Amino acid sequence: MLRLIGAAIVITACGVGGLTMARSYSIRPQNLQSLATAVQMLATEIHYTRSSLPEACSRIAAQIGNPVAAFFNQFAAQLTSNSGISAAEAFNQSLPVLADAGFSQQDVELVSQIGAVLGRSDAEDQLKHLELLKTRLQQSIAKAEQERDKMVRLWNYLGFCVGALVVLMLI
Amino acid sequence: MPPLLLRSMAPSLRRFLDIVHTWDKIEEIRLRVNQPLTIKEQHMEYGINRKGVCRLMDSYRVTAEDIIRTMEMMTENSWYALEDEIRAGYLTLAGGHRVGISGKVVLENGLIKTIKYINGLNIRLAREIVGAADAVMPHILRFGRIISTLVISPPGCGKTTLLRDICRQLSNQGFNVVVIDERSEIAACYRGAPQLNVGPCTYVLDGCPKAQGIPMAIRGMAPQVIITDEAGHPDDGLALADAARAGVSVVASCHGSEWLSVKQHTWIRQGGTAFKQAIVLSRRNGPGTVEQVLKLD
């Protein structure tokens, strides 16, 4: 009886592990897509309304889903904190929000590059930087989608299979 | 220090400026790369270091980083949002304070594209002097009619302060006033809202070029008087003359020290007929000293 319960626990644990991996693959393109949308919105705010960064970022946060909204909210809050912080510092201090929400190290690095230039030049230059970031995000999205198609199904089953294998070896 | 202004300074400068307590007397704060942090009051300039107010030569030396960071604070980390102002060489801060910018000018097709390597900032504190126009109001408002007036003065003699108070007083008396505030100095709008008192019956066209703003105001706002600062372009003269022809009084200012030299300017030749009188200011007894009131015919 105990063995049976033990086996069930092992299989469930491995299965859940596999499902979690699968989920991380399926959520990454969504997150990147949401980030690309936010970048496009920021470009529009800069191009048409010339809103200041804190204003634009709060507005974007209100229109977009988490975790990207949390990131923009945090960034806007840092900028308006009156502590004399620069945009680059505020941006870097907000990046952990993305990392905690499941963005890969590589994605966070991609986004972090824009932090150094954000708000520091005229609109034309800002738009060029945002356009470049958007292109790179699109490339990442395409790759992430390919990975998702391959890996989600694999991890959905792999966890349970590994669990079963472990049980067989232990019996 | 006024909290709004303090917020616009680099943290490294805030600790020095926080020491100063005579804010009602200060006219300018000057930052220049590698030069002493300078505070200018009416008749003197002094510096600040860690111990407090001091002679200029002992003052804290402003670094390039201080200026870059101050610029970031002043633009709210959004250079692009103020690129037109930067191109024109100045910013307006919340509270109406004006900041002049110097640095390396970048040209494109012969026109200024932007300013980079900013090496100096001159912060002019906005000062509202209610009653600054008391002495000239009897000349401007006669028998219930506004006499079109040109205020002539060298920089720093209180021309904008005088215009603002004329605007406030006329507006308080119920005249429909339109201010064409091309350089955001009269009403000192910050995000569209006047930061200084320009009266209850005043419309402000903020940041609007005079030559375009004056016809817009005449068509849309039914003004009794149009007030504008620092006329100088020939188109300004034409637009002001148009306003006068349309039966709208105008009160404008220009740089100069006497009518005889000012009247040689092209813009005056184009639009001088708009004005019925000229008021000449100087700093002889402090900013805003009225030297002369001239009738022009």
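Since every read-out is calculated from the coordinates, none of them should be taken as a lab result. Remember, it's a predicted structure, so these values are computed and weren't measured experimentally. Positions of Cβ are backbone-derived with ideal geometry, glycine not excepted, and every protein chain shown enters the neighbour counts.
In summary, the lysines within cross-link reach of residue A:128, defined as a Cα separation below 27 angstrom excluding same-chain residues under 8 places away, comprise A:143, B:104, B:113, B:116. One Cα centroid belongs to the range B:66-125, the other to the range B:5-26; the line between them spans 19 Å. Rounded, prolate or oblate: which fits the range B:15-55, taking a ≥ b ≥ c as square roots of the Cα gyration tensor eigenvalues, rounded meaning a/c under 1.5, else prolate when a/b beats b/c? The shape class here is oblate.
Between residue A:27 and residue A:1, what length in nm is gained on full extension when 0.36 nm per residue of separation is reduced by their alpha carbon distance?
5.5 nm
For chain B, a Gaussian network of Cα nodes joined below 10 Å ranks B:73, B:44, B:216 by mean-square fluctuation, and the top entry is B:44.
Treating only the Cβ of Lys, Arg, Asp and Glu as charged (+1, +1, -1, -1), what charge dipole size does the range A:123-168 show about its Cα centre? Round to the nearest 20 debye. Walk me through the numbers on the way to the answer.
On the way: 7 positive and 6 negative charges, 41 e Å.
Computed charge dipole of the range A:123-168: roughly 200 debye.
Does the range B:1-145 come out rounded, prolate or oblate, given a ≥ b ≥ c as the square roots of the eigenvalues of its C-alpha gyration tensor, rounded meaning a/c under 1.5 and, failing that, prolate meaning a/b above b/c? Verdict is oblate for the range B:1-145. For the range B:210-297, applying the loop criterion from DSSP together with a ceiling of 15 other beta carbons within 10 Å to the GluC sites (Glu not before Pro) yields B:258. Placing a pseudo-label 7 Å from each Cα along the Cα-to-Cβ vector at residue B:45 and residue B:107 gives an inter-label distance of 2.9 nm.
Can you figure out the FRET efficiency of residue B:296 with residue B:269, using R₀ = 22 Å and their beta-carbon distance, to the nearest 0.05? Write down the numbers at each step before the final one.
Numbers: r = 13 Å, r/R0 = 0.59.
Efficiency, from the Cβ-Cβ distance: 0.95.
What does DSSP give for the range B:3-124 in terms of the percent of beta bridges that are antiparallel, rounded to the nearest 5? Of those bridges, close to 100 percent are antiparallel. Residue by residue, the range A:76-81 carries 3J(HN,Hα) couplings of 5, 5, 4, 5, 8, 6 Hz when phi is fed to the Karplus relation 6.51 cos²θ - 1.76 cosθ + 1.60 (θ = phi - 60°); x denotes Gly or Pro.
Considering only B:190, B:117, B:90, the mean-square fluctuation computed in a Gaussian network model of chain B, springs between alpha carbons under 10 angstrom, is largest for B:117.
Please give the net charge around residue A:21, taking every other residue with its beta carbon less than 15 angstrom from that of residue A:21, where Lys and Arg add +1 and Asp and Glu add -1.
Details: positive: A:23, A:28, A:148, A:150, A:153; negative: A:147, A:149.
Surrounding charge for residue A:21 is +3.
Under 17 Å from a point 7 Å along the Cα-to-Cβ line of residue A:135: which residues of the range A:24-38 have their amide N that close? Taking a point 7 Å out along Cα→Cβ of residue A:135, the residues of the range A:24-38 whose backbone N falls under 17 Å are A:36. The Cα center of the range A:1-52 and the Cα center of the range A:111-171 differ in position by 9 Å. DSSP assigns beta bridges within the range B:137-295; of those with both partners inside it, close to 30 percent run antiparallel. Kindly identify the range A:28-115 as rounded, prolate or oblate by the Cα gyration tensor criterion: order the square roots of the eigenvalues as a ≥ b ≥ c, call it rounded if a/c is under 1.5, otherwise compare a/b with b/c, prolate if a/b is larger, else oblate. Here the range A:28-115 falls in the oblate category. Arranged from fewest to most other beta-carbon atoms within 10 Å of their beta carbon, A:161, B:157 become A:161, B:157.
Mean residue ellipticity at 222 nm, helices only, chain B: -7500 deg cm²/dmol; runs of at least 4 DSSP H residues each add -39,500 (n - 2.57), and the sum is divided by the number of residues.
All other residues whose Cβ lies under 10 angstrom from that of residue A:121 are scored, Lys and Arg at +1 and Asp and Glu at -1, for a net of -1. Straight-line reach from residue B:263: taking Cα to Cα under 28 Å and skipping same-chain neighbours fewer than 8 places apart, the lysines in range are B:159, B:210, B:276, B:295. With K and R counted +1 and D and E -1, the other residues having a Cβ less than 12 Å from that of residue B:151 yield a net charge of -2. Once both labels are positioned 7 Å from their Cα atoms along Cα-to-Cβ, the gap between residue B:65 and residue A:153 label points is 5.7 nm.
Placing +1 on the Cβ of every Lys and Arg and -1 on the Cβ of every Asp and Glu, with no other charges, gives the protein assembly as shown a dipole of roughly 280 debye about its Cα centre.
The value of relative contact order for the range A:34-154, using C-alpha pairs under 8 Å at least six residues apart, is 25 percent.
Roughly what % antiparallel, to the nearest 5, for the DSSP beta bridges in the protein assembly as shown?
Values: 39 of 62 bridges.
Just about 65 percent of them are antiparallel.
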